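The values are calculated or read from the model by the stated rules, or taken from the named source; none is laboratory data. Just so we're clear, the structure is a prediction, and the values are computed from it rather than from any experiment. Cβ: placed from backbone, ideal geometry, glycine included. Neighbour counts: every protein chain shown.
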Amino acid sequence: MTDDQSQVLLTVVAPPALSHELVDWLLEHTGSGYFSYQGRGHGMHAHAMSISEQVAGRQRKEVFQIHCEWQQAQQWLSQLRGDFQGAGLHYWVVPVLVSGSL
């Protein structure tokens, strides 16, 4: 990633049961704040869904987003791998083309 693409949006999707634990982790590690919301999705692990979720075709998730530097996102992902190994977190990182306040 080049210097002009150093800003990214890190998105972490978590099972609702991990919401409070992940909030505590984010408050301890990020310091820069984050955005969160409830989402619903369907993934490859339908067997982990309840019967009502299977019927609805989607599962409740907690979504956390952090606007940060690419290098910082890499550090946090490394720490998350260690602290939440096997917890069912899903993530992605996308470049931020433009950002600001209005």
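Here are some notes:
- Note on region 1-26: among residues that are surrounded by 11 or more Cβ atoms within 10 Å (Cβ to Cβ) and in a loop (DSSP other than H, G, I, E, B), the one that is modelled with the highest pLDDT is SER6.
- Single unsatisfied condition, SER52 versus (1) modelled with pLDDT under 90; (2) assigned to a helix (DSSP H, G or I); (3) surrounded by 15 or more Cβ atoms within 10 Å (Cβ to Cβ): (3)
- Count of region 70-89 residues which are surrounded by 15 or more Cβ atoms within 10 Å (Cβ to Cβ) and touching a Ser or Thr at 6+ places or on another chain (Cβ under 9 Å): 3
- Figure legend. Inter-residue proximity from region 27-40: first residues of a type in the set (Phe, Trp, Tyr) and in a strand (DSSP E or B), second residues surrounded by 11 or more Cβ atoms within 10 Å (Cβ to Cβ) and modelled with pLDDT of 90 or more, beta-carbon distance below 7 Å, spacing 6+ or different chains. Indicated pairs: PHE35/GLN65; TYR37/VAL63.
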